Amino acid sequence: MHTLIAEGLRKRYGDLFALDGFDLHVPAGVIHGLLGPNGAGKTTAVKALATLIDVDEGTASVAGFDVRTQAARVRRSIGLVGQNAAVDEILSGHQNLVMFGRLYGLAKSGAQTRAAELLEVFGLAEAAHRPAKTYSGGMRRRLDIAAGLILTPAVLFLDEPTTGLDPRGRNEVWTSVREVAGRGTTVLLTTQYLDEADQLASAITVVDHGRVIAEGTPEQLKRRVGGDRVTITLRGPVTDLAARLGGVADEDDHTITIEVTSGLAALVRTLDDLGIVPDDLRLRHPTLDEAFLAITEKEAAR
Amino acid sequence: MTTLRAGWIITQRELAHWVREPWGPIFGLLFSIMLLLVFGFLFGGAITVPGGGDYIAFLLPGMMALSMMFGVETTATKMAADAGKGITDRFRSMPIGSASVALGRVGADMTNSAAELLVLILGGLAIGWRITSDPASAALAVLLLLWLRFSMLWIGIFVGLAFRGGGATSAVQVLVWPIGFLSTAIVSAETMPGWLGAVAAWNPLSATATAARELFGNPTGLTDGVLAGHAVWLALAWPLVLAAVFVPLSARAYRRLRD
């Protein structure tokens, strides 16, 4: 049983297909990452699933309701946290949540209770009665997320929730997202930050040009990109050696990054034969950045 | 019921803004008073009203009509700001009727404009303006002024939704001045060159200003022409026409957010 289903979504703006046969299947209760560069169609996909826009082709359902024919029921089952922190900056955090709560149909007293609860959960209780414009970026984002959770929705859409935040704000938002998922809400998280998807999501869909180009767990995606990487740090120039070893040189950092295809032992032997003693040698998994690059390059070559 | 309730909640948001940041609306009200004083005393001495009568008595209903028209600027700016900040999208993702957002705007702006009218009436009374008709006529004058504001609201909602960039709202801010002054709000059409006077007489603002003058018992500055004798009907009809055009256009602009 999938909480989010999109099949063959197409959405055209002029000559550009923002969605070009987009498919998505997300089971209940997970954080699912939608990863792609700017303009890949992530926001269009979220808007289509959140009933904000009509698609030209394809079908989609959220929490078992069709986005086209049962939009009102979908809206009752979702929270949308868009790219801008869509909170009222003049009102306090508490006033914002009470307003949104009442719009979701809660009575005034119920909305006030719910607002207080959410402010507590998101660490905003102390700032509850200050205007939202005095909040830090991270606080504003958390208020934004809280506003999407008033009815404890089945699905929360988070469209690039950490764009423009400093590392601290980013961490605060990550903690909040895990908190949300821990309470059983399915989260669809779009991001351009690969480590963000890696950190939060149990499965990732990679999108480019409105289409899915890869899908899987972060581990699976990384494996698709091939073996582990070794980074060697040397004193002195690295370019020539990098060419001989089949790696990528970085003269500024004095490092060579090599994809390990035939085992680490062979590499160490080669270095030994050349009489080279590295300052540092690290073995690591490929980053999602490298994974993304490899996947999109393969896609472009096709 | 849910649409009205949601509209009211969105209206209350604006009322809460005024409590939190009263200086914006207070300066808005002071601006109306300032304009009133500038025209009443600075320019007023040089203006004679055709057909006779005191300029302050002529000016006040015109200023009221002008301030109702200037309201279009507030509506367009706030509508565009909410759309730009994603607040409109948040409302659209909620289980509320699709007219709620516009209704919330209507409630907030009508309240704001009613306050502005009240301030102009009190300010006018303070500088010697008088209502010389009966209370029922005066009440009808106020209703006609608010009726003009209501039609302007829909122009503002349409502009704010259809042109979400800052350019359109800036254009509205600039355009209200020539359109506002090319009317009988400040001076009588009969003092203008013939063709300009004809244009000014057909300005919807002129219909409301003249109707309000008649109903408050103030000099109209008219000796003949289309407005004389038909002003009240025109002040009912013009906003009706504008609303009939811009309510559907606004609804369409709201639907087109789905494109």
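Only residues that are buried (at least 23 other Cβ atoms within 10 Å of the Cβ), within 15 Å of residue A:40 (Cβ to Cβ) and within 15 Å of the chain's Cα centre (by Cα) were counted across the range A:197-237, and they come to 5.
Take the conditions (1) of a type outside the set (A, V, I, L, M, F, W, C); (2) part of a helix (DSSP H, G or I); (3) in contact (Cβ under 8 Å) with a residue 24 or more places away in the chain; residue A:205 misses just one of them, which is (2). When each of B:207, B:237, B:253 is tested for being crowded, with 16+ Cβ neighbours inside 10 Å, aliphatic (A, V, I, L, M) and within 16 Å of the chain's Cα centre (by Cα), the lone residue that passes is B:207.
Quick check on the range B:71-89. Is at least one of its residues within 30 Å of residue B:133 (Cβ to Cβ), in a helix (DSSP H, G or I), of a type outside the set (Val, Ile, Thr) and in contact with a helix residue (DSSP H, G or I) (Cβ under 7 Å, 6 or more places away or on another chain)? Yes; the residues of the range B:71-89 include at least one that is within 30 Å of residue B:133 (Cβ to Cβ), in a helix (DSSP H, G or I), of a type outside the set (Val, Ile, Thr) and in contact with a helix residue (DSSP H, G or I) (Cβ under 7 Å, 6 or more places away or on another chain). Among all positions in the range A:250-269, there is at least one residue which is polar (S, T, N, Q), modelled with pLDDT of 85 or more and surrounded by 12 or more Cβ atoms within 10 Å (Cβ to Cβ). Scanning the range A:84-100 for residues that are among the small types (Gly, Ala, Ser), under 17 Å from residue B:19 (Cβ atoms) and either touching a His at 6+ places or on another chain (Cβ under 6 Å) or facing another protein chain (nearest Cβ under 9 Å) (or both) turns up just one, A:92. The set of residues from the range A:45-83 being more than 17 Å from the chain's Cα centre (by Cα), of a type in the set (Gly, Ala, Ser) and more than 11 Å from chain B (Cβ to nearest Cβ) comprises A:58, A:60, A:61, A:63, A:64. Among all positions in the range A:268-291, there is at least one residue which is closer than 22 Å to residue A:193 by Cβ, in contact with a Lys or Arg (Cβ under 6 Å, 6 or more places away or on another chain) and of a type in the set (Gly, Ala, Ser). Among residues of the range A:103-132 that are within 14 Å of chain B (Cβ to nearest Cβ), those with a beta-carbon under 8 Å from a residue that is part of a helix (DSSP H, G or I) and among the β-branched types (Val, Ile, Thr) at least six positions away or on a different chain give the pairs A:103/B:9; A:103/B:10; A:105/B:2; A:108/A:98; A:111/A:98; A:112/A:98; A:115/A:98. Being buried (at least 23 other Cβ atoms within 10 Å of the Cβ) and in a loop (DSSP other than H, G, I, E, B) is the filter here, so list the residues in the range B:221-231 that pass it. Across the range B:221-231, the qualifying residues are B:221, B:222, B:227.
The values are calculated or read from the model by the stated rules, or taken from the named source; none is laboratory data. Because the structure is a prediction, the values reported are computed rather than measured. Note: ideal-geometry Cβ built from the backbone for every residue, glycine included; neighbour counts use all protein chains shown.
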